[in-house]
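For reference, the structure discussed in these notes is given below.
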Amino acid sequence: MFYHWTQGLFAAIEPYNLFIIVIGSSLGIMAGAIPGISGTMALALAVPITYVMDSATAILLLVSLYASSVYAGSISGILFRTPGAPEGVAATLDGHAMAKKGLAGEALGVDIFSSVTGGLFGTVMLALIAPQLAKVALEFGPSEYFALAVLGLSVVSSFGTKNELKALISALVGLFVATVGIDKISGFNRFTFGTTTLLGGINFIPVIIGIFAVAEVFNRIRERREMGGIRAKAKAKLPSLKLINRLKGLLLRSSLIGTFIGILPGVGATTGAFVGLSEAVRWSKHPEKFGTGIPEGIAAPEAANNAACSGAMVPLLTLGIPGSAGTAIMLGAFLIHGLKPGPLLFMQQPTLVYTIFVGMFLANLSIIILAKLFIRYFSKVIELPYNILGPGIIIFCVVGTFAIRNSFGDIWIMIIFAIVGFFMEKYDYPLAPIILGIVLGPIAEENLRQAMIISGNNPMVLISSPLSATLIILSVLSLFSPQLRKLWARRKGAKGQS
Amino acid sequence: MIGEIIMSLFILVISCYLYVEAMRLGEFRAYKEVGPDFWPKIVLVFLIVLSAALTISHLIKWRKSRVEVSEREGGWKRVLISIILAVGYVYFLKPLGFIVASPLFIIGLMLLIMPERKKVIPLVVLGIMVMIYIIFSRLLFVPLPKGFGVFHDISIFLGL
């Protein structure tokens, strides 16, 4: 273990990798802070850039971008009341209230400190939990893997949607898309409609770029949302020791909550931030002060969302099951670089795993320096209107998609999914479940068919082991969790009235 | 609400069509019950049932609320033109190459979304082209589409 830690440390602090971490964090901060470019979109755009990198460097770029974009969502929220990403919404309430009192610098400082604390805490927890979970996962067979994929898919009903049916339909669309191409078991062509482009299946990266980046540009063109003309003049002031002492208990609690929420598949950093904030209000001696501009209102959600970001890496690395759109994109990047996240990754590529742990730690640390620099020059970046960013993003997406394997077919797939994504989002079909469906579909199908063939087509094999049965039960509970929550709330309400 | 109904109905119709396609896969079955059609059929059955349920629920809601058909929202014309521009860009990228097709697309899209600021368009075109050229062609060594004939020669001349 110690050997792998030192190997991971040396790999992560190689000058080139350190440079990539700084670049990734800078891009993440920019993407997170600019309203209109989410961390997920930035990840999708960054994947083509990683083709020329070796696997460890590529993953380091993505994890640092991912971690810093979660932090940066709150910068524009604090300064302009326009959060750059959904993860920053919870901190906007108190953050902007502090800025209005003339304490923008202090608010930004608390924001940086809490985010870094949460991120570092989450990374330490990731490094402690993940190897142990991977050992358990080594015992998995086809039935367990199928059950695990179903568990991963079942979380789509709680993917922050107003309509669970639509979330399920989105996931099923993704599952279907994954079936296109040559069937790996029988060798037959499925749904290729005579074209050679579809023989190798629908590549997952053009789909991601289409639905997360280009569809969003179409969406903004329709709504004509503009971001230009905002100027900021603020300098982040890190909190004093006295303030840190006051916040320490809250930071620890929020980081713990965030890590736990991050580990749960399907519940991401945004939920982490809100739960962190609501728990801070619940435990506070002065809950009435929240929302009026107090540091606690920034520290709680920001520590929680960055911890959740590290926590979300646990199921991805140990089980190969992404729990969010961001980690699903990262799974795609792993696959592009010939790596298969899951328990075997810990055995076959231990150095890489520990490089990721150290890289995430360094990425979180780099936020302190980079965020201060970025905030100083923030006005220059935020001034770019979306009218200029939009065409640039589309061109970048087209060239980035072409770069995957010099295929015009991939560009067509990207643009078709951009149109599909635009209409689906317009009618409130969440897009993240499509990606989960595409990623988890092949895992579910191959393992289901393998389990069935081994057992002589006996479907009971899927619940024959205690582990797979437990996972299936958990999947059913997870699938119906929104209904169960409503039922629970109604019962509680009825009891309260009587 | 009309849009919602059309969307769910569209998914339903496509799913039914794909299910018929999946049934053809069964003809090649060599693995008994778990052939190449096994999983797609499961997925499509769920898709058909759920999209049908969604369509029905939309129809019920629509009848109950008696929403007028006049749910007009702005921006549709703009987005439809931008989609046509993007599709046209992808179509002409192969014959015209990156160096010719991209500026045309940027100019078209910018005239559509910011017609009041025509003066900045050349600067933006130049900025985006140089940025993409540096990132992909120079730093990542990714070949950009060169086009056919004279466009190919232009691309080669410019070092793409």
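Each label point is 7 Å from the Cα along the Cα-to-Cβ direction; what then is the distance between the points at A:Phe2 and B:Phe148, in nm?
Distance between the two pseudo-spin positions: 6.7 nm.
Compute the acute angle (0 to 90°) between the alpha-carbon long axis of helix A:241-263 and the principal axis of greatest extent of the alpha-carbon atoms of chain A; round to the nearest 10°.
Around 10 degrees separate the two axes.
What's the magnitude of the charge dipole for chain B around its Cα centre, counting Lys and Arg as +1 and Asp and Glu as -1 at the beta-carbon? Answer in Debye, nearest 20. Spell out each step's value before the answer.
Values: 17 positive and 10 negative charges, 68 e Å.
Its charge dipole is roughly 320 debye.
Pull out the extension gain between A:Leu252 and A:Arg405, defined as 0.36 nm times the separation in residues minus the alpha carbon to alpha carbon distance; nm, one decimal.
Details: separation 153, 0.36 × 153 = 55.08 nm, distance 4.58 nm.
The A:Leu252-A:Arg405 span can extend by a further 50.5 nm.
With a/c under 1.5 counting as rounded, go ahead and sort segment A:122-180 into rounded, prolate or oblate using the C-alpha gyration tensor (a ≥ b ≥ c being the square roots of the eigenvalues; past the cut-off, prolate if a/b is larger than b/c, else oblate). Provide the component values of the computation, followed by the final result.
Working: a/c = 2.95, a/b = 1.56, b/c = 1.89.
It comes out oblate by the Cα gyration axes.
Report, as an integer, the average count of C-beta atoms from other chains found within 10 Å of each Cβ along A:165-172. Mind dumping the intermediate values first?
On the way: counts 6, 7, 0, 6, 11, 1, 4, 12.
Per residue, the number of nearby Cβ atoms from other chains is 6 on average.
Tell me, in nm to one decimal, what length is gained between A:Lys492 and A:Ile473 on full extension, where the rule is 0.36 nm per residue of separation less the Cα-Cα distance?
Values: separation 19, 0.36 × 19 = 6.84 nm, distance 2.43 nm.
Going from the current span to full extension adds 4.4 nm.
For segment A:19-150, would you read off the P(r) tail past 20 Å as a percentage of all alpha carbon pairs?
Numbers: 4839 of 8646 pairs.
Of all Cα-Cα distances in segment A:19-150, 56 percent exceed 20 Å.
Give the span of segment A:94-195's Cα atoms along each principal axis, as three whole-Å numbers ordered largest to smallest.
66, 36, 27
Students often forget the sequence filter, so: which lysines lie under 19 Å Cα-Cα from A:Lys486 once same-chain residues fewer than 8 apart are removed?
By straight Cα distance, A:Lys486 reaches A:Lys162, A:Lys166, A:Lys495.
What Rg and what Dmax come out for segment B:2-65 when only alpha-carbon atoms are used, in angstroms?
14.9, 52
Under the definition of Cα pairs under 8 Å and six or more residues apart, what whole-number percent is the relative contact order of chain A?
The value is 29 percent.
Write down the Å³ per residue value for the convex hull defined by the alpha carbon atoms of segment B:76-157. Don't skip to the answer; put the middle values down first.
Numbers: hull volume 7.6 nm³, N = 82.
With only Cα atoms used, segment B:76-157 gives 93 Å³ per residue.
Can you bin chain B into rounded, prolate or oblate? Criterion: square roots of the alpha carbon gyration tensor eigenvalues sorted a ≥ b ≥ c, rounded for a/c under 1.5, prolate for a/b above b/c, oblate for the rest.
On the way: a/c = 3.80, a/b = 1.50, b/c = 2.54.
It is oblate, given that a/c is not under 1.5 and a/b is not larger than b/c.
Would you work out which of B:Ala52, B:Ser15, B:Leu25 lies farthest towards the positive end of the dipole of segment B:2-65, given +1 charges on the beta-carbon of Lys and Arg and -1 on that of Asp and Glu, about the Cα centre?
My answer, from the dipole projection, is B:Ala52.
For segment A:357-478, with equal point scatterers placed on the C-alpha atoms only and solvent neglected, what are the log10 I(q)/I(0) values from the Debye formula at q = 0.12, 0.21, 0.23 1/Å, to two decimals?
With one equal scatterer per Cα and no solvent, log10 I(q)/I(0) is -0.90, -1.16, -1.21.
When the expected Rg is taken as 2.2 N^0.38 Å, what fraction or multiple of it is the alpha-carbon Rg of segment A:243-377?
Numbers: Rg = 16.9 Å, N = 135, 2.2 N^0.38 = 14.2 Å.
Normalised Rg, Cα atoms only: 1.19.
For the pair B:Arg24 and A:Leu138, how long in nm is the line joining their label points, each one 7 Å along Cα→Cβ?
So the two model labels end up 4.7 nm from each other.
Can you divide the C-alpha Rg of segment B:100-140 by 2.2 N^0.38 Å and report the result to two decimal places?
Working: Rg = 11.3 Å, N = 41, 2.2 N^0.38 = 9.0 Å.
Computed over Cα atoms of segment B:100-140, the ratio equals 1.25.
Please list, by residue number, every one of the trypsin sites (Lys or Arg not before Pro) in segment A:33-108 that is coil in DSSP and has at most 15 other beta-carbon atoms within 10 Å.
Values: sites: A:Arg81, A:Lys100, A:Lys101; in loops: A:Arg81, A:Lys101.
Passing both the DSSP loop test and the Cβ count: A:Arg81, A:Lys101.
Which of the lysines could a cross-linker bridge to A:Lys235, judged by Cα under 26 Å and excluding same-chain residues fewer than eight apart?
Answer for A:Lys235, where 26 Å is the Cα cut-off: A:Lys100, A:Lys101, A:Lys248, A:Lys289, A:Lys372, A:Lys380, listed by chain and number.
Sketch the reach of a paramagnetic label on B:Phe157 as a point 7 Å from Cα along Cα-to-Cβ, and name the residues of segment B:93-107 whose backbone nitrogen lies under 19 Å away.
B:95-104, by backbone N distance to the label point.
Over the protein assembly as shown, consider all pairs of different Cα atoms and compute the Kirkwood hydrodynamic radius from their mean reciprocal separation; express it in Å, one decimal.
Numbers: mean 1/r = 0.0387 Å⁻¹.
25.9 Å is the Kirkwood radius here.
So which lysines pass the test for B:Lys77, namely a Cα distance under 23 Å, with those fewer than 8 places away in the same chain ruled out?
By straight Cα distance, B:Lys77 reaches A:Lys426, B:Lys118.
Angle between the Cα long axis of helix A:55-80 and the longest principal axis of chain A, 0 to 90 degrees, nearest 10?
The two axes meet at around 40 degrees.
Using Cβ contacts closer than 10 Å as the measure, can you line up A:Cys397, B:Cys16 from fewest to most?
On the way: A:Cys397 26, B:Cys16 14.
If I rank by nearby Cβ atoms, fewest first, I get B:Cys16, A:Cys397.
What angle do you read, to the nearest 10 degrees and between 0 and 90, between the alpha-carbon axis of helix B:2-25 and the longest principal axis of chain B?
So the inclination is approximately 80 degrees.
Looking at segment A:120-184, which trypsin sites (Lys or Arg not before Pro) are in a loop (DSSP not H, G, I, E or B) and have at most 13 other Cβ atoms within 10 Å?
On the way: sites: A:Lys135, A:Lys162, A:Lys166, A:Lys184; in loops: A:Lys162, A:Lys184.
Sparse-neighbourhood loop trypsin sites (Lys or Arg not before Pro): A:Lys162, A:Lys184.
Given R₀ = 51 Å, FRET efficiency for A:Ser284-A:Ile416 by Cβ-Cβ distance, to 0.05?
Numbers: r = 50 Å, r/R0 = 0.98.
Step by step, r from the Cβ atoms, then E = 0.55.
No lab work stands behind these numbers, since they all come straight from the coordinates. Just so you know, these numbers come straight off a predicted model, no measurement behind them. Glycine also receives a Cβ, built like all others from the backbone with ideal geometry; neighbour counts cover every protein chain displayed.
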